[in-house]
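The values are calculated or read from the model by the stated rules, or taken from the named source; none is laboratory data. Note that the structure is a prediction, hence the values are computed from the model and not measured. For neighbour counting, all protein chains shown are included, and Cβ atoms are generated from backbone atoms with ideal geometry for every residue, glycine included.
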């Protein structure tokens, strides 16, 4: 079973396409944690994820850094959380955000590394690394059998298609 | 008519007493910047706790300053969203309790309508319709404003809000929080050339904004040309160039919206509207294009309760009130408006 997938992205559009592909395979209750420095493309990835989840393209997926959470209706609803403003290791439980984790939607958490101990163990972790002005390396890790199956499907799809344009 | 207004949508607990929707009798903002500074941003959980501690003393202070008692108040207006739910609920609970105990009418107000109406506290003569640009840490949106609370969304950010990129760029440069005033002040000391960053104008068909590319451009620049501690001139060149790029985009889209909608008056509000460079450039554009531009004074640009009192007054005049079951709303996703952006 696929546990890790490493993808090199050469543009924001390519990062969005990877996100969309993952979105197409996610299930209600899936949790996607994202880490990576400022400007690495976390919000771009989630824009793609939203498209894959069937969120109407006229809903702009914007950064929830200031507002903490945005919800979007879709084939599966998307809860977009952003922990940028949290101090390191803040107790998510105290904030009531964990209610989203076990809801009927997909939860995507930006800056998840700020609260690693509170991110449920069954998750797909997307770490985005800066490799050049327009290039990034996406390291996608699946924890748990369901998530490994999802990653396996994504991986097969990627082999069939080309992500560059 | 005296309106007691309460606003607690984000990091400020604010209470005001406003007469007839235009005269401020008191406008108290317990700024929490000191509490949040060490975290490099607003810490939401901290914000709601702090609201609980401060809201009663702030309400008392606002009434005292206005030389009014709760019995003199004719109605209570309160922000119901958008914002952090935990924070909003503190203001809502206090407003509802006071309304219930004193038998006063209550009305819920949208925070954005507050920003678009703050200008009436200083300019009674401003007439509708006008173009409204709300630019803050959480919002960057253009509206056609036909009346108090009567707005039509024309465009908004597709990724980061302008104030948010100010905070994020300041953090990336190790400048501290809040980023806006720090970058504004540093940029005033620009001696040489500002560094040129790309302007993401999207296509001319849309009135939407995009700022995440600019944020990435600054990060890329810093990777390619690391900044050492003693290079103050270059630091100033970076922040001034960044600020120019943000203001350029705001200015061009606002200008495009005003022409497209045939609006002669522009109101710019929200925290970023207190940026001195933005004010200068908008005034210059207004002179060149024969438009009038209005800014609330800086203390009314940032979150405050007086602006909520203005909207509340107009709602009460129309006979609108809210039930005691009034609830907070956090962040409704921006409603779909047609976009020309296709994902791939």
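Some values worked out for this structure:
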{"item": "Residue match in the stretch B:276-296 (condition: modelled with pLDDT under 95, buried (at least 23 other Cβ atoms within 10 Å of the Cβ) and either in contact with a helix residue (DSSP H, G or I) (Cβ under 6 Å, 6 or more places away or on another chain) or not assigned by TED's automatic domain parsing to the domain that holds residue B:264 (or both))", "result": "no"}
{"item": "Some residue of the stretch A:18-25 being assigned to a strand (DSSP E or B) and either within 11 Å of another protein chain (Cβ to nearest Cβ) or closer than 30 Å to residue B:8 by Cα (or both)", "result": "no"}
{"item": "Qualifying residue in the stretch B:98-109 (condition: over 17 Å from residue B:315 (Cα atoms), touching a helix residue (DSSP H, G or I) at 6+ places or on another chain (Cβ under 6 Å) and either surrounded by fewer than 21 Cβ atoms within 10 Å (Cβ to Cβ) or in contact (Cβ under 8 Å) with a residue 12 or more places away in the chain (or both))", "result": "yes"}
{"item": "Residue that is crowded, with 23+ Cβ neighbours inside 10 Å, within 14 Å of another protein chain (Cβ to nearest Cβ) and within 17 Å of residue B:161 (Cβ to Cβ), where the choices are B:269, B:212", "result": "B:212"}
{"item": "Of the criteria (1) out of contact with any strand residue (DSSP E or B) (no Cβ under 6 Å at 6 or more places or on another chain); (2) surrounded by 23 or more Cβ atoms within 10 Å (Cβ to Cβ); (3) at pLDDT 95 or above, which one residue B:167 fails", "result": "(3)"}
{"item": "Check on residue B:254, within 21 Å of residue B:153 (Cα to Cα), modelled with pLDDT of 95 or more and in a helix (DSSP H, G or I)", "result": "yes"}
{"item": "Subset of the stretch A:43-63 [out of contact with any helix residue (DSSP H, G or I) (no Cβ under 9 Å at 6 or more places or on another chain) and more than 7 Å from chain B (Cβ to nearest Cβ)]", "result": "none"}
{"item": "Matching option when the condition is touching a residue at least 40 places away in the same chain (Cβ under 8 Å) and either over 14 Å from the mean Cα position of the chain (by Cα) or assigned to a loop (DSSP other than H, G, I, E, B) (or both), among A:28, A:121", "result": "A:28"}
{"item": "All positions within the stretch A:1-42 that are under 18 Å from residue B:214 (Cα atoms) and in contact with a strand residue (DSSP E or B) (Cβ under 7 Å, 6 or more places away or on another chain)", "result": "A:10, A:15, A:36, A:37, A:40, A:41, A:42"}
{"item": "Selection within the stretch B:273-292 - outside any helix (DSSP H, G or I) and under 21 Å from residue B:115 (Cβ atoms)", "result": "B:275, B:291, B:292"}
